[in-house]
1. Is it fair to say TYR214 is free of Cβ contacts under 8 Å to residues at least 12 places away in the same chain, among the hydroxyl-bearing types (Ser, Thr, Tyr) and out of contact with any Gly (no Cβ under 6 Å at 6 or more places or on another chain)?
2. Only one of GLY224, GLY198, GLY267, GLY234 is modelled with pLDDT of 85 or more and at positive phi; which?
3. Any chance the range 520-536 includes a residue that's of a type outside the set (Val, Ile, Thr), closer than 28 Å to VAL634 by Cα, at pLDDT below 95 and crowded, with 16+ Cβ neighbours inside 10 Å?
4. Grab the strands (runs of 3 or more DSSP E) fully contained in the range 227-310, keeping just those with 1 or more residues being surrounded by 13 or more Cβ atoms within 10 Å (Cβ to Cβ) and more than 29 Å from the chain's Cα centre (by Cα).
5. Against the definition (more than 33 Å from the chain's Cα centre (by Cα), surrounded by fewer than 21 Cβ atoms within 10 Å (Cβ to Cβ) and of a type in the set (Lys, Arg)), how does LYS392 come out, yes or no?
6. Pull up the range 563-581, narrow it to residues that are part of a loop (DSSP other than H, G, I, E, B) and closer than 14 Å to THR518 by Cα, then point me to the one that is least open to solvent (accessible area, probe 1.4 Å).
7. Would you check which residues across the range 105-158 are in contact (Cβ under 8 Å) with a residue 12 or more places away in the chain and of a type in the set (Phe, Trp, Tyr) and list them?
8. Please go through (1) closer than 30 Å to GLY441 by Cα; (2) without any contact (Cβ under 8 Å) to a residue 60 or more places away in the chain; (3) not in a strand (DSSP E or B) for VAL377 and return the number of the only condition it doesn't satisfy.
Amino acid sequence: MGAFSYSGESPRTLRGGFTCFSRRGGGRGRPHVYLSRAGAHSPGSWGRRPVDELTEVIMDMLVELILMIPLAAALAFFWFKNRRMRSHLSELEYRVRAYEEIMNHSSDIIWLKDRERRLQFVNKSYYHLFPLVDSFVGLRDEDLADKFLADGYRRDDEYVIRNGKEYRYQENDKGSVWYETVKMPVKDPDGTVMGCAGLAHDITDRKEKELKIYEMEHVDYLTGLGNRHSLVTGYPEILAAALENGVDTYMIMISIDNFKLVNASCGFACGDEILRQLSFRLRNFVKNLKARAARVAGDEFCLIVENIHRRLNITELMESLRRQICEPVTVSGNTVAVELSFGVSTAPGDTRDFEELFKCAELCIRYGKKHARHGAVYFADISNSVVVRNVKIECELLNAIANNELTIAYQPKINADDGRLLGAEALIRWHNRTLGDIEPGEFIALAEENGIIIEIGYWVIEKCITQNLEWGACGYEMKPISINLTRRQFLDPNLMNVVAGLFTKYNYPPELLEFETTEKIFSENFLQARTAAESLHSLGVTLTLDDFGTSFANMIEITSLCVNTLKLKRAFVQDIDSNLGKQEVVRTIYNLSRRFELHLIAEGVETNREFNKITGIGIKSIQGFYYSRPLLPVDFEKFIGENHL
């Protein structure tokens with residue numbers, strides 16, 4: 001070994017009684033460190049220590065290090081926890097600031113209260129309600145609103161805090177502004193209510209739109225009065241109050257007489273002004289009554305009046321009403337006299353149902369215009385009148401098509417020689433849910449008078465076309481179907497266009513459609529009737545002259561009308577077997593038809609004697625009960641099948 005020299009450094013004392021010395025070799029070697037336990041060796045006698053002593057030192061150091069680990073772990077835990085808490089608090093602060101920023105930018109009014117109803121937070125929109133208040137924290141509603149509002153808000157808050165439930169309501173107590181408010185409980189993680197929060201949303205725009213919709217549904221746009229719908233919705237309340245008080249409710253219908261003439265002579269602007277002025281008078285009249293006024297039709301108004309005990313009272317009321325609203329109306333410098341008709345129905349006397357009560361008042365108006373012009377008609381006075389039944393029929397007829405109340409029966413036309421089916425006549429039938437079965441003789445004339453017959457006629461034509469096509473699709477041979485036309489229908493300027501449109505729509509053969517009209521139409525309106533006949537003939541439609549021989553039409557003129565068929569009226573056929581005069585008339589008509597090459601058919605043949613006499617004269621086309629009554633489509637199909645037609 002090389003020589004060693006003392007480094008001159010002081011020895012260092014270590015844990016466990018060891019002293020550390022260092023020596024550096026005399027050459028350029030590495031320094032050497034030696035450990036010495038006290039009393040074992042001196043520096044002069046340095047030497048390598050036993051391994052077990054070094055191991056013991058290391059073990060002691062490891063023990064001390066292990067004992068320090070829990071402390072280090074605890075310190076690390078608290079350090080990380082503190083850091084996490086700081087991060088969480090920072091995140092919460094960010095969220096609070098974000099939520100507050102969002103609420104401040106909201107147009108809704110938002111607030112937060114504690115259990116004592118003291119404000120803890122309000123957003124900027126809340127400040128707009130109270131611009132003079134600088135701070136709201138700690139204030140209650142009593143400090144901000146009047147007693148009435150504050151008491152209401154207090155009750156709402158107490159309900160939410162006490163029950164822990166949400167509460168919603170709408171109000172417009174803040175002037176003209178409408179708010180929809182929701183109040184909700186604020187709870188801690190354990191579910192304990194700590195206070196309440198509220199949000200008020202401005203719904204003024206929605207309310208204004210709802211009001212406009214309501215006005216459209218309930219208010220007449222021209223007069224500002226209510227409309228029919230407003231009466232429908234308000235009637236139950238009025239009736240219930242009247243019944244509770246033991247009094248009657250009267251519906252008074254008011255109609256302006258000859259109002260169409262006013263429109264025609266003065267113009268619609270003048271007519272509208274008359275309606276507005278009458279409405280103004282009605283509004284003033286009902287101001288002090290338990291009544292509702294409405295405009296229910298073009299020239300008709302309606303009042304529902306409550307709390308009238310005796311008939312005398314309603315009579316006095318009608319006189320007062322007449323005096324106030326029947327004054328002449330001045331429009332654009334012109335004075336127009338106003339005459340009114342009144343119809344009165346009573347609840348519960350006449351009926352309790354609104355629609356029925358309304359119809360009763362309408363019936364009175366229609367009756368009054370025909371029999372008591374400018375007067376008041378009470379339904380109780382006319383309820384059993386024949387006129388009332390006609391008016392009821394007329395009213396019900398308006399909705400007969402829409403209510404699917406009309407049907408068509410078909411009466412066969414038969415060739416007497418071979419029993420072959422020649423065609424059928426369409427005969428309309430009407431069953432009303434209120435009036436029952438109504439004969440055509442009752443309603444056709446009324447429909448002709450008020451013009452409803454035009455719409456009914458179009459419906460019948462289309463129904464017959466579709467029915468014939470349906471039979472054809474089922475394998476039956478399609479035969480011509482004849483349809484009766486009244487005077488108004490036959491002279492209708494739109495008839496040709498409607499028929500042509502139906503032919504195109506259904507691809508229907510024109511020769512399978514016949515129109516029957518009476519001889520009287522040609523005798524009264526020859527030129528106009530001839531134009532209509534020529535128009536229909538140009539479409540390929542066959543024309544039959546019904547009830548032939550009952551009027552005074554010129555036979556030469558008739559032959560120029562493109563008429564194809566003559567039909568004998570039932571009056572010539574009835575009892576012909578015993579009436580020589582009828583036999584001669586029928587024989588003459590038969591000879592004329594042959595001379596002018598017109599087809600002749602006998603209608604209303606019922607008995608064997610009538611059949612034998614008619615066919616004996618030479619008429620072979622027969623229609624009547626002898627072969628069949630008018631049949632519904634299903635029964636008509638059975639008739640064809642059973643008779644092998």
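1. yes
2. Among GLY224, GLY198, GLY267, GLY234, only GLY224 is modelled with pLDDT of 85 or more and at positive phi.
3. The answer is no; no qualifying residue exists.
4. 248-256, 300-308
5. The answer is no for LYS392.
6. Among those residues, the one meeting the criterion is VAL563.
7. TRP111, PHE121, TYR126, PHE130, PHE136, TYR153
8. That leaves (3) as the condition not met.
The values are calculated or read from the model by the stated rules, or taken from the named source; none is laboratory data. These numbers come from a predicted model, not from an experiment. In this analysis, Cβ positions are derived from the backbone assuming ideal geometry, glycine residues included, and neighbour counts consider all displayed protein chains. To get the accessible areas, we keep the full protein, side chains included, count just its heavy atoms, and leave off ligands, DNA and RNA. Shrake-Rupley method; radii C 1.70, N 1.55, O 1.52, S 1.80 Å.
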